[in-house]
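Enquirer: Encoded as structure tokens, here's the structure I'll be asking about.
The values are calculated or read from the model by the stated rules, or taken from the named source; none is laboratory data. Please read all numbers here as calculations on a predicted model, not as lab measurements. Cβ placement follows ideal geometry from the backbone for every residue including glycine, while neighbour counts extend to all protein chains displayed.
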Amino acid sequence: MAKRVQLVLTKDISKLGKSGDLVEVAPGYARNYLIPQQLATKATPGVLKQVERRRELERQRQLELKQHAVEQKTALEKIESLNIAKQVGENEAIFGTVTNQDVADAIQAITGQEIDRRGITIPDIGKLGTYKAEIKLHPEVTAQINLQVIAN
């Protein structure tokens, strides 16, 4: 059996790895497909140093994003409750529903911070009252806020 070849991927390849990963493949696969298609380069010490440098920069960027998310979480938790006004019918039932966009707009009005509405999880709200909403700011950082649905 032939010896395997070490390569550094330059693009993401399904079932093989992501860009910058060090992989071992068959020599024919490397020689006939990966290298001619410029999907990978041979793993030399210089290339490995560049890959390490890129990984370190990416790790630093992720740390900064997490730190920013923690700062946003502390700012959001200072808010006692978020008031959202809706039209009310009989038995304190509201017309329509409270949406993620309503919550994002209310947060932006109070704190001035823009929150991605896709990261907001709210329960089904059909009546006036207090509810808890969960806001995912980062894969590791989640904030909880109180929503106060009031009559318009």
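Enquirer: Residues that are among the small types (Gly, Ala, Ser): find the strands (runs of 3 or more DSSP E) completely inside the stretch 8-89 holding 1 or more of those.
Expert: 40-42, 82-86
Enquirer: Next up: Does the stretch 82-105 contain at least one residue that is closer than 30 Å to GLY20 by Cβ and not polar (S, T, N, Q)?
Expert: For the stretch 82-105, residues closer than 30 Å to GLY20 by Cβ and not polar (S, T, N, Q): absent.
Enquirer: Here is a list: GLN38, GLN50, GLN60. Which entry is of a type outside the set (Val, Ile, Thr) and more than 20 Å from ILE13 (Cα to Cα)?
Expert: Exactly one of GLN38, GLN50, GLN60 is of a type outside the set (Val, Ile, Thr) and more than 20 Å from ILE13 (Cα to Cα), namely GLN60.
Enquirer: Further question on the same structure: Under 15 Å from LYS136 (Cα atoms), assigned to a helix (DSSP H, G or I) and of a type outside the set (Val, Ile, Thr): does that describe GLN101?
Expert: yes
Enquirer: Would you mind telling me which numbered condition in (1) modelled with pLDDT under 90; (2) over 30 Å from the mean Cα position of the chain (by Cα); (3) surrounded by 14 or more Cβ atoms within 10 Å (Cβ to Cβ) ALA43 fails?
Expert: (1) is the only condition that ALA43 fails.
Enquirer: Can you tell me which residue is farthest from ASN146 (Cα to Cα) among those in the stretch 115-124 that are out of contact with any Asp or Glu (no Cβ under 6 Å at 6 or more places or on another chain) and not basic (Lys, Arg)?
Expert: The extreme case among them is ASP116.
Enquirer: Which of the residues belonging to the stretch 138-152 are under 16 Å from ILE79 (Cα atoms) and crowded, with 17+ Cβ neighbours inside 10 Å?
Expert: ALA143, ILE145, LEU147, VAL149
Enquirer: Go through GLY112, GLY96, GLY129, GLY89 for me and flag whichever is within 14 Å of ASN146 (Cβ to Cβ) and surrounded by fewer than 15 Cβ atoms within 10 Å (Cβ to Cβ).
Expert: None of the other options fit; the residue is GLY129.
Enquirer: Within the stretch 50-59, is there a residue that is buried (at least 16 other Cβ atoms within 10 Å of the Cβ) and at pLDDT below 90?
Expert: Yes; the residues of the stretch 50-59 include at least one that is buried (at least 16 other Cβ atoms within 10 Å of the Cβ) and at pLDDT below 90.
Enquirer: Name the residue, out of LYS73, LYS66, that is under 20 Å from the mean Cα position of the chain (by Cα), surrounded by 13 or more Cβ atoms within 10 Å (Cβ to Cβ) and closer than 30 Å to VAL8 by Cβ.
Expert: The unique qualifying residue is LYS66.
Enquirer: Here's a follow-up. Could you tell me whether LYS3 is farther than 28 Å from GLU134 by Cα, within 22 Å of the chain's Cα centre (by Cα) and either at pLDDT below 95 or of a type in the set (A, V, I, L, M, F, W, C) (or both)?
Expert: Criteria not met by LYS3.
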